[in-house]
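First the structure, in the form of structure tokens, and then the observations on it.
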Amino acid sequence: MRSLYRASVTAAVAMQDDAFAKALKAEAEDFGEDTVAKITSFEAIANFVIGCIGAGIVVFPKVMALNGWGLALTLIGVSAFVCFETGRLIIASCELAEMCSGARKGTITNYEDIASAAYGTAGKTVLAIVKNSYAIGALFVYTVLLVESFHSFGDKVVSEGVVRWLLVFPIILLLSMIVNLKQLAKVAPLGTAAVFAQCAAICIGCLVITVKGKVITPPQLETFLVIQIKPTWSFMIFDVFQIGSALSVFVFGFDGIVNLPSIRGQMSDPSELPNALRTGFFIVAGFCIVVMVCGYWGFGSIVTDNVIKGMGDFAEGFVCLFSVVASVGVTINLLISYPLIFFTVISFFESVAKGSLAVPLSKVNIAFRAVLALFMIVVGLLFESPKDVISLVSAVFGSCLSIFFPLALFYKLRAQAKSIGHNLDVVPTWRMAAHGGVALCGAIAMLFGFINELMNMMGEKKDKGGS
């Protein structure tokens with residue numbers, strides 16, 4: 001249980017090694033310990049799994065509906081292979097960076113250290129900007145999901161705009177002011193429990209709920225018209241833009257690989273990480289597939305972008321319990337995860353800022369935090385659903401962090417290590433070819449995923465303008 005507690009405390013902040021170390025220290029202090037123990041292989045697995053499985057999983061059933069169950073399962077399998085391979089490259093790059101610098105094993109403790117070893121200060125700066133932009137994108141996702149989650153509890157009473165400005169904005173403004181990870185360490189395990197409760201409720205609820213022949217009023221029709229909607233289930237729907245969007249969403253689901261350098265740097269035996277990664281990937285992929293299949297099986301073609309919202313729309317009788325559990329679970333998870341992610345972002349800004357902006361909770365610092373919170377709310381107005389935000393953020397930043405950067409860093413550091421006299425095993429031809437396929441998947445996710453979401457945004461604006 002202590003291992004799961006440590007993993008819960010550190011999972012959301014593992015993207016930044018100093019925040020990761022602070023979280024471990026806060027956990028140790030909570031147990032009255034002066035020294036911080038290194039994490040074990042089991043804790044590394046738990047950290048990776050908890051870091052990957054989050055609120056974003058609620059959009060996976062919709063991805064399956066847009067691509068068909070056969071194609072969606074293929075795409076999530078491809079995404080898992082791609083991210084597993086790039087995760088291995090990140091671990092190998094840590095070892096190569098230590099080899100090139102003559103440092104001891106485990107010295108490389110963050111993604112930026114690898115970039116610095118390969119491309120110097122410029123590489124470190126570029127990676128830091130992209131990584132923190134991705135974290136800000138994750139905050140956009142959480143903000144949109146928070147609005148949907150709170151609105152689901154009273155959608156018949158208040159409008160989404162009221163929920164956004166009078167409830168969610170004050171909440172994230174308050175959460176943005178947290179400066180002590182010790183405060184969050186005590187509640188982080190609750191967020192982990194909420195994630196698994198949310199996933200279990202989705203799976204059970206969607207299997208129980210049957211919508212075939214159900215009489216509903218579509219939410220887009222502001223009338224008393226009642227019509228019959230019968231869902232369909234498709235094996236494959238081929239659309240290259242939807243394929244790109246699906247790949248970007250699935251890459252978002254495996255983005256825990258970005259945390260691998262920080263996890264490795266805190267392990268008692270870094271050589272155990274590759275095996276831990278393999279186990280973690282099996283667990284994460286299994287979880288994502290089960291939730292996606294259950295959600296699609298329950299609703300078919302009419303599944304909503306956020307499957308929990310659909311559960312609330314179609315649930316009857318005791319089945320409403322699953323909808324409520326899922327909604328409460330995702331809300332708790334978001335409320336706990338948001339300040340943890342925000343902490344890593346604000347820590348980056350404070351580390352590069354000068355003067356009073358770099359001082360936590362100074363007047364200027366508070367104003368900056370408030371502006372960031374307002375920015376999250378305003379940007380959320382541009383998107384109709386969390387799936388659109390996830391796809392766009394992952395297409396632009398996730399594909400770089402999880403696919404292109406690992407490839408570039410690995411081959412650059414190999415060449416660097418060879419140039420200073422290190423003997424390295426030859427990369428097999430088949431693996432180099434596989435890396436070409438990995439890069440191709442990244443290009444499809446980035447290009448077509450980005451274009452697809454731009455087209456969606458333009459289409460939504462036209463619809464609103466014409467209505």
> ³J(HN,Hα) across the stretch 445-452 via Karplus (A = 6.51, B = -1.76, C = 1.60, θ = phi - 60°), whole Hz, x for Gly/Pro?
Replying inline: 4, 5, 5, 6, x, 5, 4, 4
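Can you pull a Stokes-Einstein diffusion coefficient for the stretch 2-466 at 25 °C (0.890 mPa s), Rh from Kirkwood over Cα pairs, as a whole number of µm²/s? All intermediate terms of the calculation are to be shown ahead of the outcome.
Details: Rh = 22.8 Å.
Stokes-Einstein gives a translational diffusion coefficient of 108 µm²/s.
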> Under a point spin-label approximation (7 Å from Cα along Cα-to-Cβ), what is the VAL364-ILE283 distance to one decimal in nm?
Replying inline: 4.4 nm
>> At 7 Å along Cα-to-Cβ for each site, give me the label-to-label distance between PHE81 and SER159 in nm.
In response: 4.9 nm
> Do the alpha carbons of any pairs in LYS38/LYS412; LYS124/LYS387; LYS38/LYS418; LYS38/LYS131; LYS131/LYS412; LYS62/LYS131 sit beyond 22 Å of each other, and which pairs?
Replying inline: LYS38/LYS412; LYS124/LYS387; LYS38/LYS418; LYS38/LYS131; LYS62/LYS131
>> Restricting to DSSP loop positions (anything but H, G, I, E, B) with no more than 11 other Cβ atoms inside 10 Å of their own Cβ, which trypsin sites (Lys or Arg not before Pro) remain in the stretch 276-365?
In response: LYS354
> How long is the gain from GLU384 to ALA200 if the chain were fully straight, where each residue apart is worth 0.36 nm and the alpha carbon distance is subtracted?
Replying inline: 63.6 nm
> Under a Cβ-Cβ cut-off of 13 Å, what is the net charge of the residues other than THR279 that fall near it, where Lys and Arg count +1 and Asp and Glu count -1?
Replying inline: -1
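What FRET efficiency, computed as 1/(1 + (r/R0)^6) with R0 = 30 Å and r the Cβ-Cβ distance, is obtained for ASP269 and ILE129, rounded to the nearest 0.05?
For ASP269 and ILE129, the calculated efficiency is 0.40.
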>> If you average the C-alpha positions of the stretch 261-311 and of the stretch 124-185 separately, how far apart do those two centres end up, in angstrom?
In response: 22 Å
> Taking the Cα centre of the stretch 2-466 as the origin and placing charges on Cβ (Lys, Arg +1; Asp, Glu -1), which of ALA80, SER337, MET99 is farthest toward the positive end of the dipole?
Replying inline: MET99
> Rounded to the nearest 0.05, what FRET efficiency is calculated for SER351 and MET432 with R0 set to 56 Å and r the Cβ-Cβ distance?
Replying inline: 0.90
> Can you list residues whose amide H is under 5 Å from MET267's amide H, if they're 5+ apart or on another chain and H is modeled 1.01 Å from N?
Replying inline: ILE39
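No value in this document is a laboratory result; all are computed from the given coordinates. Bear in mind that the values here come from a model prediction, so they are computed numbers and not experimental data. Reconstructed Cβ throughout: ideal geometry from the backbone, glycine too, with neighbour counts over all protein chains shown.
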